[in-house]
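Chemist: Just passing along the structure, written as structure tokens.
Bear in mind that the values in this text are calculations on the coordinates, not laboratory data. Nothing here was measured: the structure is a model prediction, and the numbers come from that model. Positions of Cβ are backbone-derived with ideal geometry, glycine not excepted, and every protein chain shown enters the neighbour counts.
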Amino acid sequence: MIIPNFMYWATVFLGLLLVLYLYGTKNYDYFLKRNMPSLQQSPFIGNFGPFLFRKRSYPDHIKWMYDRLKAYSYGGVFQLMTPYVMICNPELIKAVTVKDFDHFTDRNQVVPKDIDPVFAKTLTMLKGEQWKEARSTLTPVFTSSKMKMMFELVSECGVQLVEFLEKCCGNYTPEKVIKIEKGGKLLVMEMRDIFTRFANDIIATAAFGISVDSLTNPKNDFYVMGSDISDLGGKRALIWFGYLLCSPLMRLLNVTFMSKKVIHFFKSIVLKTIDVREREGITRPDLIHLLMQAKKGVLEDQNSPTKTKTKLDDDDLAAHAFQFFLAGFHSSATLLCFSTHQLAVHPDIQVRLQEEIDDTLRQCGSNITYEAVQSMKYLDMVLSETLRKYPPGPGLERCCVKEYTLPSDPPVQIHPGDAVLLPVFGLHRDPEYFPDPERFDPDRFSDENKHNIKPYTYLPFGSGPRACIGNRFALMEAKVAMVHLLSRFTLKVVSKTPIPLEITKKGYNMTVDGGFWLGLEQRSKKQTGD
Ligand code: HEM
């Protein structure tokens with residue numbers, strides 16, 4: 001009796017293993033059939049094993065795949081069970097993102113539209129005609145004239161940041177959750193904690209029209225909800241993997257990418273603010289105001305004589321304000337964390353930058369203006385080099401929407417539905433394009449040198465019509481923070497400062513595990529030349 005039972009269960013078990021294996025490898029002849037070079041895959045995890053099992057960080061893994069495929073100009077990789085064509089050659093990147101953009105207008109939508117409707121309405125996730133309309137409606141929001149209009153709001157957050165730090169140098173003790181310690185003459189602090197709070201306050205004022213101070217009131221709802229929504233690590237990475245691996249099951253379980261409670265919180269802020277402003281005729285120079293104009297179809301685009309055509313509904317408005325969190329919260333804080341870290345470990349570069357800041361402030365009588373910030377060339381070079389070495393988006397995606405022949409040698413077909421991966425981190429760390437790529441050297445971006453950078457090898461804000469719409473805003477925010485901070489403080493390496501920097505192996509966020517600990521030393525009047 002025991003033997004037939006054993007045989008039965010052994011056969012069932014082996015049968016199940018076979019079915020699982022066949023399911024896990026169902027696509028694995030995908031690139032072979034297309035005659036494309038590809039990396040050897042494993043069942044279910046494709047080529048993402050080293051990232052999934054935390055052997056390599058996401059950016060390092062992108063670079064690792066890029067280094068293996070670069071000689072072929074393009075090649076196939078599997079992100080779990082989803083095939084991606086990785087494009088390594090700059091000319092081909094130009095073809096896909098700019099010249100033949102109409103074949104690649106979308107991103108790969110991993111989380112279905114009906115599961116997360118507000119998330120699906122963000123510009124990042126919209127597709128085809130809907131994306132095109134939303135992008136043209138929103139483009140006027142991000143012109144330099146609108147940035148100038150929002151500059152004061154951003155600068156007020158810079159003042160708030162520095163005043164808080166100066167208070168901490170005195171007798172003020174911040175709440176325990178704020179990661180600041182006193183170490184002799186220095187304030188020792190974790191920069192990601194400080195800069196995510198700074199980025200949060202900017203989004204609150206510039207996008208949602210409300211003032212919060214997340215350094216003095218660290219547990220305010222806006223910050224707590226915002227941190228939840230913009231975290232792409234741990235739980236969210238798992239949900240993403242779940243959809244990549246077995247979308248029907250995730251859909252059946254109704255697993256949402258964004259928490260409904262958080263979406264409801266932000267949506268109600270936007271709708272209440274609009275309601276109050278409409279009833280009381282309030283005008284404030286922020287995104288809500290611009291979105292209200294777009295809603296009425298009267299937001300003028302300075303580059304086009306026509307007024308915006310599309311009218312926005314309430315879900316659209318919430319999604320666009322909410323977009324600042326998704327796209328701008330971590331990326332802006334990340335840029336500031338890495339740039340302050342690089343300045344602390346390169347004091348010569350920091351001194352040169354402080355000289356530029358001091359000179360500029362002297363010229364504008366300490367009253368920092370949009371034009372003054374824009375005129376600082378070395379500041380721009382430092383941020384550009386930080387974005388090269390540590391791009392917050394280490395890999396970009398496109399999805400093919402129309403049959404396409406990649407102009408490679410030999411040409412190769414890309415079909416509708418095929419996903420494309422652009423290895424930004426691989427390009428930025430390629431010694432062919434950036435000699436001695438591990439070296440932090442802002443002079444790569446000086447007027448004399450920047451023309452040596454090969455087009456489409458430097459893509460911190462992406463490329464083509466789907467590139468980052470908020471790049472001006474992001475740079476303005478980072479520059480304002482740096483000017484306020486470095487005019488009053490000098491950044492120092494302390495014992496907790498991570499050297500060398502090791503990018504986390506947990507999740508997609510570009511960050512480090514133990515935090516960006518640095519020391520801040522108050523500058524004397526003699527040093528600043530006041
Ligand atoms: C340092 C900060 C930032 C970096 C490095 C960054 C980088 C990027 C990158 C790489 C993309 C994808 C581009 C592509 O696929 O070609 C992107 C898209 C986008 N970014 Fe940013 N970003 C930053 C800040 C912001 C801010 C502050 C906003 C404000 C709203 C923003 C809004 C967006 C939007 C809406 C998209 C999607 C555009 C579309 O699909 O049409 N970003 N960003």
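Chemist: Once you list every other residue whose beta carbon is under 12 Å from the beta carbon of residue 160, what net charge do they have if Lys and Arg are +1 and Asp and Glu are -1?
Modeler: Net local charge, residue 160 excluded: -3.
Chemist: May I pose another question? In segment 345-438, which trypsin sites (Lys or Arg not before Pro) are in a loop and have at most 14 other Cβ atoms within 10 Å, using DSSP for the loop call?
Modeler: Listed in order of number, the matching sites are 402.
Chemist: Follow-up question, since we're still on this one. Mind checking the full-extension length gain between residue 35 and residue 450? Use 0.36 nm per residue of separation minus the Cα-Cα distance, one decimal, nm.
Modeler: The residue 35-residue 450 span can extend by a further 145.6 nm.
Chemist: Taking all pairs of distinct Cα atoms, average 1/r, flip it, and tell me the Kirkwood hydrodynamic radius of segment 1-93 in Å to one decimal place.
Modeler: 15.2 Å
Chemist: Another question, if that's okay. Taking R0 as 56 Å, what FRET efficiency do you get between residue 260 and residue 352 from their Cβ-Cβ distance, rounded to the nearest 0.05?
Modeler: Using R0 = 56 Å, I get an efficiency of 0.70.
Chemist: Which shape class, rounded, prolate or oblate, goes with segment 301-438 when its Cα gyration tensor gives a ≥ b ≥ c as root eigenvalues, a/c under 1.5 marks rounded, and past that a/b bigger than b/c marks prolate?
Modeler: Oblate shape, in that a/c is at least 1.5 and b/c is the bigger or equal ratio.
Chemist: For segment 399-456 and segment 80-137, what is the separation of their Cα centres, given in Å?
Modeler: 17 Å
Chemist: Beta carbons within 10 angstrom, averaged per residue: use that to sort the peptides 409-420, 71-82, highest first.
Modeler: Packing order, densest peptide first, comes out as 71-82, 409-420.
Chemist: When a/c reaches 1.5 or more, the comparison of a/b and b/c decides; with that in mind, is segment 409-502 rounded, prolate or oblate per its Cα gyration tensor?
Modeler: Prolate.
Chemist: Counting other Cβ atoms within 10 Å, which trypsin sites (Lys or Arg not before Pro) in segment 184-238 have at most 13 and lie in a DSSP loop?
Modeler: 185, 219
Chemist: In Å, what Kirkwood hydrodynamic radius results for segment 57-173 from the alpha-carbon pair distances?
Modeler: 18.8 Å
Chemist: Consider all pairwise Cα distances in the chain and report the whole-number % of them above 37 Å.
Modeler: 33 percent
Chemist: Rounded, prolate or oblate: which fits segment 85-149 when a ≥ b ≥ c are the square roots of the eigenvalues of the alpha-carbon gyration tensor, with rounded for a/c under 1.5 and prolate only if a/b beats b/c?
Modeler: In terms of gyration-tensor shape, oblate.
Chemist: What residue among 49, 74, 415 has its Cα farthest toward the positive end of the dipole of the chain, where the charges are +1 on Lys, Arg and -1 on Asp, Glu, each on the Cβ?
Modeler: 49
Chemist: What translational diffusion coefficient, to the nearest whole µm²/s, does segment 182-293 have by Stokes-Einstein, given a Kirkwood radius computed over alpha-carbon pairs, a temperature of 37 °C and 0.692 mPa s viscosity?
Modeler: Value of D from the Cα-based Kirkwood radius: 197 µm²/s.
Chemist: List the GluC sites (Glu not before Pro) within segment 134-232 that fall in a DSSP loop (any state other than H, G, I, E or B) and whose Cβ has at most 16 other Cβ atoms within 10 Å.
Modeler: The qualifying sites are 175.
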